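Below is one structure; the comments refer to it alone.
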Amino acid sequence: MRLLVLDYFLKQSTALSLSDLESGFDYSNRATLFRTLKTFEKKGLLHSINDGHITVYALCMDNCSEEQHADSHMHFCCKNCKKIYCMRSVKTPNINIPSGFNAEKLDIIIHGLCNGCTENLN
Ligand SMILES: [Zn+2]
Ligand SMILES: [Zn+2]
Ligand SMILES: [Zn+2]
């Protein structure tokens, strides 16, 4: 089951939500899939992105480990197809936050039209 899930992610160019994953598997069990996603996230194989409405998951490629995620890229959310893309080449900037605050994760989501949708609209 776990290998199937990883394999499925490898074939996708966009991040997947639990529902996306569910529809990709005929004999899926939502609870099992969710547990699998959480395990992978913990192990540094997947990272999660929350766009304010749903949480989606994408493969890690930035030498993430079990202890720490090193995904420091931005994400792109297409307003037309609602897909979320990893912008692996676009690094998040270093930010300075007030002392006393302890930042763990910086989620930057760029909103707009993806290349596929831009082409379709022209
Ligand atoms: Zn990661
Ligand atoms: Zn799109
Ligand atoms: Zn990503």
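The values are calculated or read from the model by the stated rules, or taken from the named source; none is laboratory data. From a predicted model like this one, the values you see are computed outputs, not experimental measurements. No Cβ is skipped: glycine too gets one built from the backbone with ideal geometry, and neighbour counts run over all protein chains shown. Surface areas here come from the heavy atoms of the whole protein model, side chains and all, with no ligands, DNA or RNA. Shrake-Rupley method; radii C 1.70, N 1.55, O 1.52, S 1.80 Å.
Looking for something open to solvent by less than 80 Å² (accessible area, probe 1.4 Å), among the polar types (S, T, N, Q) and under 18 Å from Ser13 (Cα atoms) - is there at least one such residue anywhere in segment 95-115? No, every residue in segment 95-115 fails to be open to solvent by less than 80 Å² (accessible area, probe 1.4 Å), among the polar types (S, T, N, Q) and under 18 Å from Ser13 (Cα atoms).
When residues in segment 1-25 are screened for being within 16 Å of ligand 2 (Cβ to nearest atom), at pLDDT 90 or above and open to solvent by 60 Å² or more (accessible area, probe 1.4 Å), 2 of them pass. Evaluating Leu33 against the criteria (1) surrounded by 17 or more Cβ atoms within 10 Å (Cβ to Cβ); (2) of a type outside the set (Ser, Thr, Tyr); (3) under 16 Å from Lys105 (Cα atoms) leaves one unmet condition, (3). I'm checking my understanding of the structure. Among residues of segment 74-94 that are in a loop (DSSP other than H, G, I, E, B) and open to solvent by 100 Å² or more (accessible area, probe 1.4 Å), which one is farthest from Leu6 (Cα to Cα)? For segment 74-94, the residue satisfying everything is Asn94. Going by the structure shown, is Tyr85 within 21 Å of Gly116 (Cβ to Cβ), touching a residue at least 40 places away in the same chain (Cβ under 8 Å) and among the aromatic types (Phe, Trp, Tyr)? Yes, satisfied. Please specify each residue of segment 36-73 satisfying the condition of being buried (at least 19 other Cβ atoms within 10 Å of the Cβ) and within 16 Å of ligand 2 (Cβ to nearest atom). The answer is Ile49, Val56, Ala58.
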